[in-house]
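Enquirer: So that we are looking at the same thing, I have put the structure below in structure tokens.
The values are calculated or read from the model by the stated rules, or taken from the named source; none is laboratory data. Since the model is a prediction, treat every value here as computed from it, not as a measurement. Cβ sites come from the backbone with ideal geometry, for glycine too, and all protein chains shown count toward neighbours.
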Amino acid sequence: MPAWALRVAAVVVTALSMVGSTTYALAHPKNPNAPLQPPVADKQPAPEPEPDASSAPLPFRTLAPTIPPTPTPVPATPRPTATPSLVARVATPSQSPTPRPTVAATLRATPVPQITLAAGVRATALPKVTYTHSS
Amino acid sequence: MDDLTFWFIARITGLTAFAVLSLSVLSGEALRTSVLDFLAKNRAIRRLHDFTTPLWLPLVFAHIIALLFDKTAAIRPIDVVVPFVNPYEPYLLPIGLGTISFDIIMVVTVTSWLRSRMNNTLWMWIHRTSYIAFVALFFHAAYSGTDFDAPLVSALAWSTAAGLAILGVSRIIWGRLPA
């Protein structure tokens, strides 16, 4: 292969690397495992309006707590791949990067919704849930 | 410019510079081994090796300049040339390795331009430090880069580095490999 062909190949490899890097970086603006985090704008979803308890058509409501999701094993060093909600965090020279939250901490921090009963509505207890199998 | 513009530029140029620098190291190793003999003669590969410099040099400078302007990285000018003085305590080593790599490849590049005025043995030993620079560059990218944690990028980078390492060790042990 002549030298000019190798040069053309090198330029092509560089261009393809540039295109691939650009595509990847734009598609993944934030990596939670990265030491430096970009100042991405806070994009927390708007809070959903609370349902009106008096207008709900349910025959009865209970005070039983919401059944938490089935816990999944937490690896020793969790490395989530999904991009979480983007949070603004700008690193400054005088501060070290904030420790990353673990998956377990995220699950524990999930708030349990509180239900307010309307007047005259009685609360009943849910039967105990028994798991017969798991997949 | 958007706050993320320099952040994206730094990442894109960093990833691309790693790819082109890998090509540069590969072509340099191919000069002393016969790994690319099936592709071209040594003279053509030598021209390819020289040609990669104007490809990766702007990318490396763009990477550094973007990090200097980026508010996320907040890299200071002194961090570019003096290793291990950056304020990111948990990442002092990986970011410092990037500084070391930059310093070495600048020395290697400048001495290559001045090769005709230098002692050949001295030039050769200086040029061999580019292996150290590449190792430092790889660990800088792997442990302080944002994208090397991704499976696709990580697989490509580690396989490339492993291939170059095998070639380098082979050259050290056996010299020029048979065709």
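Enquirer: Which residues, counting only those in segment B:135-164, are acidic (Asp, Glu) and either crowded, with 19+ Cβ neighbours inside 10 Å or in contact with a strand residue (DSSP E or B) (Cβ under 6 Å, 6 or more places away or on another chain) (or both)?
Expert: B:Asp147
Enquirer: Hey, another quick one. Could you say which residue among A:Ala25, A:Ala34 is modelled with pLDDT of 70 or more, under 26 Å from B:Tyr91 (Cβ atoms), within 14 Å of chain B (Cβ to nearest Cβ) and touching an Asp or Glu at 6+ places or on another chain (Cβ under 7 Å)?
Expert: Result: A:Ala25 is the single residue among A:Ala25, A:Ala34 that is modelled with pLDDT of 70 or more, under 26 Å from B:Tyr91 (Cβ atoms), within 14 Å of chain B (Cβ to nearest Cβ) and touching an Asp or Glu at 6+ places or on another chain (Cβ under 7 Å).
Enquirer: Condition test on B:Pro87, is it within 8 Å of chain A (Cβ to nearest Cβ), in a loop (DSSP other than H, G, I, E, B) and either touching a helix residue (DSSP H, G or I) at 6+ places or on another chain (Cβ under 6 Å) or surrounded by fewer than 19 Cβ atoms within 10 Å (Cβ to Cβ) (or both)?
Expert: yes
Enquirer: Condition first: in contact with a Lys or Arg (Cβ under 8 Å, 6 or more places away or on another chain) and either touching a residue at least 40 places away in the same chain (Cβ under 8 Å) or assigned to a loop (DSSP other than H, G, I, E, B) (or both). Now tell me which residues in segment B:29-40 satisfy that.
Expert: If the condition is that a residue be in contact with a Lys or Arg (Cβ under 8 Å, 6 or more places away or on another chain) and either touching a residue at least 40 places away in the same chain (Cβ under 8 Å) or assigned to a loop (DSSP other than H, G, I, E, B) (or both), then B:Glu29, B:Arg32, B:Thr33, B:Ser34 are the ones that fit.
Enquirer: Being surrounded by 22 or more Cβ atoms within 10 Å (Cβ to Cβ) and assigned to a helix (DSSP H, G or I) is the filter here, so list the residues in segment B:65-74 that pass it.
Expert: Within segment B:65-74, just B:Leu67 meets the criteria.
Enquirer: Can you tell me how many residues in segment B:41-80 are more than 7 Å from chain A (Cβ to nearest Cβ) and in contact (Cβ under 8 Å) with a residue 60 or more places away in the chain?
Expert: Number satisfying all stated conditions: 4.
Enquirer: Among (1) surrounded by fewer than 21 Cβ atoms within 10 Å (Cβ to Cβ); (2) in contact with a Gly (Cβ under 9 Å, 6 or more places away or on another chain), there is one condition B:Phe38 misses while meeting the rest; what is its number?
Expert: Condition (2) is where B:Phe38 drops out.
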